[in-house]
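The values are calculated or read from the model by the stated rules, or taken from the named source; none is laboratory data. Bear in mind that the values here come from a model prediction, so they are computed numbers and not experimental data. Positions of Cβ are backbone-derived with ideal geometry, glycine not excepted, and every protein chain shown enters the neighbour counts.
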Amino acid sequence: MDCTHSKEALIRRLKKVEGQVKGIQKMLNEDKGCLDLLVQVAAARAAINRVGTLIIMNHTRKCLSEVPLTEEQEKAVEELVDVLAKFTK
């Protein structure tokens, strides 16, 4: 992973997600309210979606960096990556 987001940065994000999930488990064991649980589940899901988006972005940029693109094509790729990122939020 040699693009915008390093392997180490993605692993840090995944460890945060892991902490969120453990927190949700703890909340369940402590019989916390459903609303509070759902908020935390939504946050964890958003975080894992962000990791996936970053991996897609890295993959797209890496694969296409091996293909000569015009400036217009590069702009279109960046726009596509941005749209994907917004869609998965």
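Summary table below
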| quantity | calculated |
| --- | --- |
| Matching residues in region 15-42 - criterion: being under 26 Å from Thr88 (Cα atoms) and basic (Lys, Arg) | Lys15, Lys16, Lys22 |
| Lone unmet requirement of (1) surrounded by 10 or more Cβ atoms within 10 Å (Cβ to Cβ); (2) within 19 Å of the chain's Cα centre (by Cα) for Gln73 | (2) |
| Residue, nearest to Val83 (Cα to Cα), within region 1-54, restricted to residues that are in a helix (DSSP H, G or I) and of a type in the set (Asp, Glu) | Glu8 |
| Only listed residue being basic (Lys, Arg) and either touching a helix residue (DSSP H, G or I) at 6+ places or on another chain (Cβ under 9 Å) or modelled with pLDDT of 95 or more (or both), chosen from Lys7, Lys32 | Lys32 |
| In region 35-70, residue modelled with the lowest pLDDT [restricted to those that are polar (S, T, N, Q) and surrounded by 14 or more Cβ atoms within 10 Å (Cβ to Cβ)] | Thr60 |
| Odd one out for Met27, checked against (1) out of contact with any Leu (no Cβ under 6 Å at 6 or more places or on another chain); (2) at negative phi; (3) modelled with pLDDT of 95 or more | (1) |
